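K.L.:
Take this structure, written in structure tokens, and hold onto it; I'll ask about it next.
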There are 2 protein chains.
Amino acid sequence: MIINIDWKPDKTSKIPIYIQIKEYIHKKIINGEWTVGMKIPSQRKLAELLEVNRSTVMNAFEELIADGFLEGNTGNGTRVKNNLWSLFQTTSPPNWNHYVENGIYKPNLPTIQDIHKVEPQTNIIRLGTGEPSPEMYPKDIMGEVLKTLSTKIEIMGYEEEKGLPQLRKQLCHYLETLGINATPSSILVVSGALQALQLISLGLLRGGSTLLLENPSYVNSLNVFQSLGIKLANIPMDRNGMDTSFIKSYKRRYNASLVYTNPTFHNPTGNVMTLERRKHLLTVCEEEQLPIIEDDVYRELWIDTPPPPALKSMDNNGSILYIGSISKALSPGLRIGWIVGPEQVINRLADIKMQTDYGSSSLSQWAVTEWLESGKYVKHLESMREALRLRRSTAIRVLQNEFVDIAEWTVPSGGFYIWLRLPPTISIKELFYEALAFGILLNPGKLYDEQSFHYLRLSYSYASLFDLEKGIKKLGQIIRKLINN
Amino acid sequence: MIINIDWKPDKTSKIPIYIQIKEYIHKKIINGEWTVGMKIPSQRKLAELLEVNRSTVMNAFEELIADGFLEGNTGNGTRVKNNLWSLFQTTSPPNWNHYVENGIYKPNLPTIQDIHKVEPQTNIIRLGTGEPSPEMYPKDIMGEVLKTLSTKIEIMGYEEEKGLPQLRKQLCHYLETLGINATPSSILVVSGALQALQLISLGLLRGGSTLLLENPSYVNSLNVFQSLGIKLANIPMDRNGMDTSFIKSYKRRYNASLVYTNPTFHNPTGNVMTLERRKHLLTVCEEEQLPIIEDDVYRELWIDTPPPPALKSMDNNGSILYIGSISKALSPGLRIGWIVGPEQVINRLADIKMQTDYGSSSLSQWAVTEWLESGKYVKHLESMREALRLRRSTAIRVLQNEFVDIAEWTVPSGGFYIWLRLPPTISIKELFYEALAFGILLNPGKLYDEQSFHYLRLSYSYASLFDLEKGIKKLGQIIRKLINN
């Protein structure tokens, strides 16, 4: 388990470093941030995180032990023994661990937790991150948008249940360009596609229901459905997308309630579902009265040619809940996405959204409205595609130069991901930590499919162009080293 | 049940209104927004919402029935019969009602749903809304903040698990002024206090656990705990706050896991827990190892004198999860709040937050950082207090002039609310709809306590000063009319 610490000793200060560390820990204990009985990071780990010698940490620990705040470093680690007050009290703090371990939601997968902890570190080359690179962030245009908003926003209160009316109106126009017809009352603004999935899990399903989905799938890396006892049944996929011939029998076998699909520039494989498959999926699901969640957040990011039309654009009877977002093409920091579907379903999800967070940031909604209304968003998509084309060719060039004998891949026609197949002989877990030691953060394929333990989700979207080239080259060397060991 | 509609016919158009209505409904059906089998609003209701004669709606319905899109208006209402495609198909759409009715989360209480639907309407005097008035919105200063941000924000990506580091640093400084010591790693940025409660419900509790809370309580108006099978046990309160003498026995009787309290300018009563009670609450909960959720979102809004210190500032052993927010004092539209607590608990809640929405709007977080860092927030609080003082005295003056013989109340020393006790002989439900007919939106006390059916939560925070006076006067007249009936 990787831990983070939000402080570093000041090496230029006159106060000895071990005293600074002692005071830091002391403060955490006094504040009740580290509670009595809590296990604290080991000396070795702290020394590493604080970038000091282990003996320095040891000196701090020894004084805190002598003062009665910490309990001796037995084989079981160091724990908080007392705080300033507990010395005079006979009571102990609540058993928070009991709460932390028994909550309804499952924790994120350990690897996901580790990835979240490493991500904020600087000097890390993130080769798995599914997010537009800071290099592609349109700082100047966002600046213009914020300047416009600085005089435009008259009031920022709670918005309507389904989101800012002006934004939903703009989304109608935008969706029309994708062939999707909707009026504002059948659109719910959400805080990104993940929240859309959470609202669906809380609002439309029961424990024991089953979701059919492509395998591998981004959803397998989450616990949002699983935490509530909703089962996932994996449908095989090939380069043409989900193998829709399985749906009929799987629906019966698992008594499935919904199909989840990410048909366009699929996460993590980069595949695009063909038009033929899309039509078949629609036909089968209509016959089976099986609703579909279409997660279409990568649609705009085509590199070669526009992808086949959205399922939603061919939806004749309101079978599809369509999810879109500006996170992938503009900025995940705005946390704005949308769900489009039959009005009674959108009403229900809007009611759940009101119970969850009373709506998404009004400021973010205004910003997205402005991006759409001014035409800046559509223009920005062009430069995104251009930037992604360059990034993809860089990644593919390095792969062709360095990986031909150690990996297999398909060139994606859009999106962020290359689904990299490595020799089954090497341990991806070992590779993950080995790469991390060299400052490279990876996304193991196993997150998306238990059987894909010899895959990586390689992303050409996040690292700087320079780091992308350097990182993939280095990755090749590390893989070779592991193969040769 | 109140319904909303996002469209009105264009009365200046050359196209007859009934044709416009027909086309509107036709589009909804063709788009799959109104699905086959769905019950649509009645002619009477539509006529009212669209502000047309019922005969106009009837003409539209008749043509749609003749064309096969709608099914005759039997006693069971009008339903969608076919869409353009279903005429050629043998299948029907998914049974969405089954999904909508069977999801895990309970719907919001019907009155809350109705209130949410009325709120966006213009020309409504909202006498129950717990939100700062548009009159108090600091448009110019927010404009300055946005201008600053337009050049300051270098990148807006996913932020760290616990929120923007710069914001958490500013929050540490701010919390210190409230006597609360915390380092950034024990703070989680959330999208408002309601999300804090949702994260706690999903992350720290199990179905069957019990939460002790004041009665009445804002939490009783939510379903966020109840939907997950978490029970609420009501502890009586008086003008000094929660009656803490009940806690020991209630903990045993209900095997309670947590205490929820809103001790300062309590929602809905406006009460402030005395210092003595605060100390007793802490002592009892420490003895019982019972953690406390302190919801302190109204603290800054004192009018007469600063309230007693936060429980969290007297928390010696990490028993308290402290919730704060800028929604009440600055702008709910930013959707930014925070939870402060022991680090292992904050880590857990941060992990759940990542599963819920991947963090709060980065733009909103930057905005709050700027408000805090520049000192604008603390300065703004002064003008908020001044504005609330004027609003409170306006409301109290009207009450004293017009309500002395029909209601009882206590003058609140801060916050937004007056807990208004009406004669038990009048039906608050009747009053709610009667007031609505006069354009006044109320919050019935029953939302916060089943037994408080003769109370209203009157808010002096939202309506314009002019409407506040006018609305309360009118309310008095309506109450008198009901009493005399």
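K.L.:
Considering only the range A:159-267, give the helices (runs of 4 or more DSSP H) lying wholly within it that have at least 2 residues that are within 12 Å of another protein chain (Cβ to nearest Cβ) and open to solvent by 30 Å² or more (accessible area, probe 1.4 Å).
P.N.:
A:165-177
K.L.:
Further question: Name the single residue that is farthest from A:Glu159 (Cα to Cα) among those in the range A:379-396 being of a type outside the set (Gly, Ala, Ser) and without any contact (Cβ under 8 Å) to a residue 24 or more places away in the chain.
P.N.:
A:Ile396
K.L.:
Tell me which of these B:Tyr358 doesn't satisfy, since it passes every other one: (1) open to solvent by 10 Å² or more (accessible area, probe 1.4 Å); (2) part of a helix (DSSP H, G or I).
P.N.:
Against the list (1) open to solvent by 10 Å² or more (accessible area, probe 1.4 Å); (2) part of a helix (DSSP H, G or I), B:Tyr358 comes up short only on (2).
K.L.:
Any residue in the range A:108-125 that is facing another protein chain (nearest Cβ under 8 Å) sitting within a Cβ distance under 6 Å of a residue that is of a type in the set (A, V, I, L, M, F, W, C)? List the pairs, counting only those 6 or more apart or interchain.
P.N.:
A:Lys117/A:Ile2
K.L.:
Here's something else I'd like to know. Which one of the conditions (1) under 30 Å from A:Ile326 (Cα atoms); (2) surrounded by fewer than 18 Cβ atoms within 10 Å (Cβ to Cβ) does A:Tyr448 fail to meet, given that it meets all the rest?
P.N.:
With (1) under 30 Å from A:Ile326 (Cα atoms); (2) surrounded by fewer than 18 Cβ atoms within 10 Å (Cβ to Cβ) applied to A:Tyr448, the lone miss is (2).
K.L.:
Could we say that A:Thr264 is in contact with a Lys or Arg (Cβ under 6 Å, 6 or more places away or on another chain), in contact (Cβ under 8 Å) with a residue 24 or more places away in the chain and within 16 Å of A:Thr410 (Cβ to Cβ) here?
P.N.:
Taking the combined requirement at face value, the residue satisfies it.
K.L.:
Now for a different question. Across the range B:270-298, which residue is farthest from B:Tyr174 (Cα to Cα) among those that are within 22 Å of the chain's Cα centre (by Cα) and open to solvent by 20 Å² or more (accessible area, probe 1.4 Å)?
P.N.:
B:Asn271
K.L.:
Another one. Given the options A:Ser427, A:Ser459, name the one that is of a type in the set (Ser, Thr, Tyr), assigned by TED's automatic domain parsing to the domain that holds A:Leu388 and in contact with a Ser or Thr (Cβ under 7 Å, 6 or more places away or on another chain).
P.N.:
Exactly one of A:Ser427, A:Ser459 is of a type in the set (Ser, Thr, Tyr), assigned by TED's automatic domain parsing to the domain that holds A:Leu388 and in contact with a Ser or Thr (Cβ under 7 Å, 6 or more places away or on another chain), namely A:Ser459.
K.L.:
Could you tell me which numbered condition A:Arg335 fails, if it satisfies all but one of (1) crowded, with 23+ Cβ neighbours inside 10 Å; (2) out of contact with any Ser or Thr (no Cβ under 7 Å at 6 or more places or on another chain)?
P.N.:
So the condition that A:Arg335 fails would be (2).
K.L.:
Just need a number here: residues in the range B:54-68 that are open to solvent by 20 Å² or more (accessible area, probe 1.4 Å) and part of a loop (DSSP other than H, G, I, E, B).
P.N.:
Residues in the range B:54-68 being open to solvent by 20 Å² or more (accessible area, probe 1.4 Å) and part of a loop (DSSP other than H, G, I, E, B): 1 in total.
K.L.:
As an exercise: evaluate B:Pro107 against (1) at pLDDT 95 or above; (2) within 30 Å of A:Ser227 (Cα to Cα); (3) open to solvent by 50 Å² or more (accessible area, probe 1.4 Å) and give the number of the one condition it does not meet.
P.N.:
(1)
K.L.:
Which members of the range B:105-150 meet the condition of being of a type in the set (S, T, N, Q), part of a loop (DSSP other than H, G, I, E, B) and more than 21 Å from A:Asp357 (Cβ to Cβ)?
P.N.:
Those that are of a type in the set (S, T, N, Q), part of a loop (DSSP other than H, G, I, E, B) and more than 21 Å from A:Asp357 (Cβ to Cβ): B:Gln121, B:Thr122, B:Asn123, B:Ser133.
K.L.:
So which residues in the range A:346-360 are facing chain B (nearest Cβ under 7 Å) and among the charged types (D, E, K, R), if there are any at all?
P.N.:
A:Arg348, A:Asp351, A:Asp357
The values are calculated or read from the model by the stated rules, or taken from the named source; none is laboratory data. Not measured: the values here are computed from a predicted model. Here the Cβ is made from the backbone with ideal geometry for all residues, glycine too, and neighbour counts use every protein chain on show. With ligands, DNA and RNA removed, areas are computed over all heavy atoms of the protein, side chains included. Shrake-Rupley method; radii C 1.70, N 1.55, O 1.52, S 1.80 Å.
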